[in-house]
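Colleague: My structure is below; once you've seen it, I'll send some questions.
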Amino acid sequence: MVSLNTVWQYLALQSPLQLHSTMMSGDSFNLIKMGVTTFALPALPYAYDALEPHISAQIMELHHGKHHQTYVTNLNKALESHIAAVAAGDVAAQIALQQVIKFNGGGHINHSLFWQNLAPAGSDETKLEQAKELVAAIERTWGGFDTFKNAFSTALLEIQGSGWGWLTREAGSGGGLRIVTTKDQDPVVGGDVVIFGVDMWEHAYYLQYMNGKAAYVENIWNVINWKTAEDRFLGRSEEKNEL
Ligand SMILES: [Fe+2]
C-alpha cells in the first residue's frame, strides 16, 4: 500500500510558488483535509494596464485572470484525481493523469515566473543597470548584449506552435547562461534556473498584435524586469521553476 506522503513525494510538486490552502468542497478526496498543499493564482505585482502600451490591459486581464487561473484549477483537480486513483489502485487512471499534471503544473509555474519577470516600461526595474552582473555574463557569453538580444528574439520567433523562450543559468556553481525553448507548457527542468521567460502562446499577444508576432517580441524587451532577472541570476530569489 502506497502512503499518501509517498504519492506526494512522487508527484514532487513542492514548488513554493503561491502555495495556498483552499477548500475544495464536494470532493471525496480533499487535498486540504489530507494535509496536501494546493495551488492558487498569484496576484500580479502590478495593475492589468501597467504594461501598456506594450501589452494591453485586455490581454493581461484574460491571460492572468482566465488562462492562468484555469491552469491552477485544473492542476488542483488533477492532483485530487491522482490521489483518488492511487487509493483505488487504478494504475491506468494514474498514468492518464500524468500529462494533465505536467501540462497544468507547468502552466502554473511558467506563468508565475513570467509575471514576476515583467515590469512597467520606464520603471527602475526595466533599466539594464539593475542587472550589472547578469549583463556582464551575457556579454561574456554572446560577445555583446545586442547579439544576445537578437539570438533570444530569433529563438522566440522560431518556436513552432505554442511554447516559451527562456534565458537560463545551468545547474551547479558556475553554470553558464543559455537560451532554451520549451514546447506547450513544459517547464524548465533539470535544476537549471530561469532568469526570465517569454510566453509565445498566441493568447499572450494575438488580441493586440494579431499575426504580428515579431512586433510582440520587439516590444516585450521594454517590459522585462531586469531587477528580477539579476536576483534570479545571483540566486537571491526564492522562486523555483521545477515540478
Ligand atoms: Fe500564457
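Colleague: Give me a comma-separated list of calculated 3J(HN,Hα) values for segment 144-154, in order, Karplus coefficients 6.51, -1.76, 1.60 applied at θ = phi - 60°, integers in Hz, x for any Gly or Pro.
Modeller: x, 5, 5, 5, 4, 4, 5, 5, 5, 4, 4
Colleague: Right, here's the next one. Please report Trp164, Trp115, Trp142, Trp226 as a ranked list, fewest other C-beta atoms within 10 angstrom at the top and most at the bottom. Kindly include the intermediate steps, with their values, before the conclusion.
Modeller: Details: Trp164 27, Trp115 20, Trp142 17, Trp226 23.
In order of increasing Cβ crowding within 10 Å: Trp142, Trp115, Trp226, Trp164.
Colleague: Past the 26 Å Cα-Cα mark, which pairs from Lys183/Lys213; Lys132/Lys183; Lys77/Lys183; Lys149/Lys183; Lys66/Lys183?
Modeller: Details: Lys183/Lys213 17 Å; Lys132/Lys183 30 Å; Lys77/Lys183 23 Å; Lys149/Lys183 21 Å; Lys66/Lys183 21 Å.
Lys132/Lys183, as the Cα separations exceed 26 Å there.
Colleague: With unit charges on the beta carbon (Lys/Arg positive, Asp/Glu negative), name the residue among Ala214, Trp164, Leu134 whose Cα is farthest towards the positive pole of the charge dipole of segment 116-233.
Modeller: Comparing the listed Cα positions along the dipole, Leu134 ranks first.
Colleague: Let me ask something else about it. Given H placed on each backbone N at 1.01 Å, which residues far from Asp192 in sequence or on other chains put an amide H within less than 5 Å of it?
Modeller: Here Ala171 satisfy the definition.
Colleague: With a cut-off of at most 12 other beta carbons within 10 Å, and DSSP calling the residue loop, which GluC sites (Glu not before Pro) in segment 124-192 qualify? Please list them. Before the final figure, lay out the partial values.
Modeller: Numbers: sites: Glu125, Glu129, Glu133, Glu139, Glu158, Glu170; in loops: Glu158, Glu170.
For GluC sites (Glu not before Pro) across segment 124-192 that sit outside H, G, I, E and B with at most 12 neighbouring Cβ atoms in 10 Å, the list reads Glu158.
Colleague: Using each residue's phi in segment 218-232, evaluate 6.51 cos²θ - 1.76 cosθ + 1.60 at θ = phi - 60° and report the 3J(HN,Hα) Karplus result to the nearest Hz, with x for Gly and Pro.
Modeller: 3J(HN,Hα) across segment 218-232, in whole Hz: 4, 7, 4, 4, 6, 10, 6, 8, 6, 5, 4, 4, 5, 4, 5.
Colleague: While we're on this one: In percent, how large is the relative contact order of segment 164-243, given Cα pairs closer than 8 Å and 6 or more residues apart?
Modeller: Reported relative contact order: 32 percent.
Colleague: Quick check: pseudo-label points 7 Å beyond the Cα along Cα→Cβ at Phe145 and Arg236, how many nm apart are they?
Modeller: Label-label distance for Phe145 and Arg236, simple model: 1.7 nm.
Colleague: Ok, one more. Amide H neighbours of Ser162 under 5 Å, counting only residues 5+ apart in sequence or on other chains, H built in-plane at 1.01 Å?
Modeller: Here Asp184 satisfy the definition.
Colleague: While we're here: If packing is taken as the average count of other Cβ atoms within 10 Å, what order do 80-92, 51-63 fall into, highest mean first? Walk me through the numbers on the way to the answer.
Modeller: Working: 80-92: 16.0, 51-63: 18.0.
Peptide ranking by packing, descending: 51-63, 80-92.
Colleague: Still on this structure, I have one more. So which trypsin sites (Lys or Arg not before Pro) in segment 100-145 pass both tests, a DSSP loop state and at most 16 other Cβ atoms within 10 Å of the Cβ?
Modeller: Qualifying residues, ordered by number: Lys127.
The numbers here are math on the coordinates, done by the rules we state, and not lab data. Please read all numbers here as calculations on a predicted model, not as lab measurements. Glycine also receives a Cβ, built like all others from the backbone with ideal geometry; neighbour counts cover every protein chain displayed.
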